[in-house]
Amino acid sequence: MDQERIRFLFLPALLGGLLGSGLAGLGLTGSGSTLLRLGEGLRALSLSGWAGNLAAWAVVCILSLWPVAALLLRRERAQRDLLLPLLAVLLLVACFLLVNPALVDPVEPYLMALLWTAAGVLLAWGVLTLMGRFTGARSLPLPLLFQAGAALLTALAGLWAVVRLWSQVENVFSGNTGAPEAAAVTGTVLGVLTLVRLIPDFLGGWLLLQGAELGRQMEGDPFAPETVELCRTTAKNALWCVNVALAVSLGCDLIQLLLPGALLHLDVQLLLPLPTLLSAAGLLVLCRYMERSKAVYDDNQTII
């Protein structure tokens, strides 16, 4: 279980955080000015001569046409694979605007919209491909489904936490140049709150890993005493995680209210930890279903 937690909780969260810091550091989460500077370099390379022009076109083809190459290399194709050419078109248009930013005014928001739309298309294709493999299998790989959900939850949590914190701290320091000490205190508090608010997401991932263990037990003997006991333990853990997640969510808001005047920015959120709540609700329904199925199975065995 410890290795499973590292593989499907901590490692995806770390990778998501690194990706978020990379995107924020390159300015890809803001106006897109860094991208435009990259476009200027690509345009200068294209105008440097025939070799530079060839190299620039090679870079554009690699960045934009890899979805088409992935489509051609796939042995089995489905309707969902039509999203790959759409992804290639979006990336090609984005590269073209990088080199020719004067075609759209202002180009920064349109360029960022293109890239985020492309990311949405890629994510949709990935989810549809994953679901296609699940539905095409003879038996639903329930443990793998729970593990994938845990990894995706923690990865997105790490990505969003870093991107959001980076933006908040940058705004605090840029807007309070005359009070560096207060800005540093605010940035430190925001960093601590960001780490604490990751607890509900990790709890949701932990619940999904418990669902994976329950799935393995169900594939073996769904009505064994060990499976029933695991259902009861999972249900108790789900209720405990809900209480902790709600306490963390409300506690982070209350702590900021106890520091009036000390913080230059208050990060009070009305949002509840929905992924954790949904994970707990799904496992509670599954455990309740298994308990009732066990009762019906025992009644049938008694009749027989």
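A few notes on this one:
- Degrees, to the nearest 10: 274-303 long Cα axis against longest axis of the chain: 30
- Given their separation in residues at 0.36 nm each and the Cα-Cα distance between them, ALA262 and ARG5 gain 88.8 nm when the chain is fully extended.
- For the stretch 193-244, chymotrypsin sites (Phe, Trp or Tyr not before Pro) meeting the loop criterion (DSSP other than H, G, I, E, B) and having at most 15 other Cβ atoms within 10 Å: PHE223.
- With the simple spin-label model, which puts each label point 7 Å out from Cα in the Cβ direction, the PHE96 to LEU38 separation comes to 1.9 nm.
- Gyration tensor verdict on the stretch 31-138 (Cα atoms; rounded if a/c is under 1.5, prolate if a/b is larger than b/c, oblate otherwise): oblate
- Once the Cα atoms are used to define both axes, helix 142-175 deviates from the longest principal axis of the chain by about 40 degrees.
- Net lengthening on full extension, MET131/GLU170 (0.36 nm per residue, minus Cα-Cα): 10.1 nm
- Residues of the stretch 243-263 with amide N under 19 Å of the 7 Å Cα→Cβ point at VAL192: 247-263
- If R0 is taken as 25 Å, the Cβ-Cβ distance between ARG288 and ASN243 corresponds to a FRET efficiency of 0.85.
- Stretching VAL89 away from TRP66 to a fully extended chain increases their span by 7.2 nm, per 0.36 nm per residue minus the current alpha-carbon distance.
- Oblate is the label for the chain, because the ratio a/c of its alpha-carbon gyration tensor axes (a ≥ b ≥ c) is 1.5 or higher and a/b is not greater than b/c.
- Nearest 10 degrees, 0 to 90: helix 180-196 Cα axis against the chain principal axis: 40
- Summary of packing: across the peptides 63-72, 86-95, the per-residue average of other C-beta atoms within 10 Å ranks them, highest first, as 86-95, 63-72.
- Ascending count of other beta-carbon atoms within 10 Å, so fewest first, for SER279, SER293, SER48: SER48, SER293, SER279
- Isolated cysteines in the chain, defined as those with no second cysteine Cβ under 4.7 Å, comprise CYS61, CYS95, CYS241, CYS252.
- Taking the fewest neighbouring Cβ atoms within 10 Å as the starting point, the ordered list for ASP201, ASP298, ASP253 is ASP298, ASP253, ASP201.
- Distance between the pseudo-spin-label points of ALA295 and LYS236 (7 Å out from Cα toward the beta carbon): 2.0 nm.
Read the figures in this text as sums done on the coordinates, not as results from a lab. Please read these numbers as outputs of a predicted model, since none were measured by experiment. As a convention, Cβ positions derive from the backbone with ideal geometry for all residues, glycine included, and neighbour counts pool all protein chains shown.
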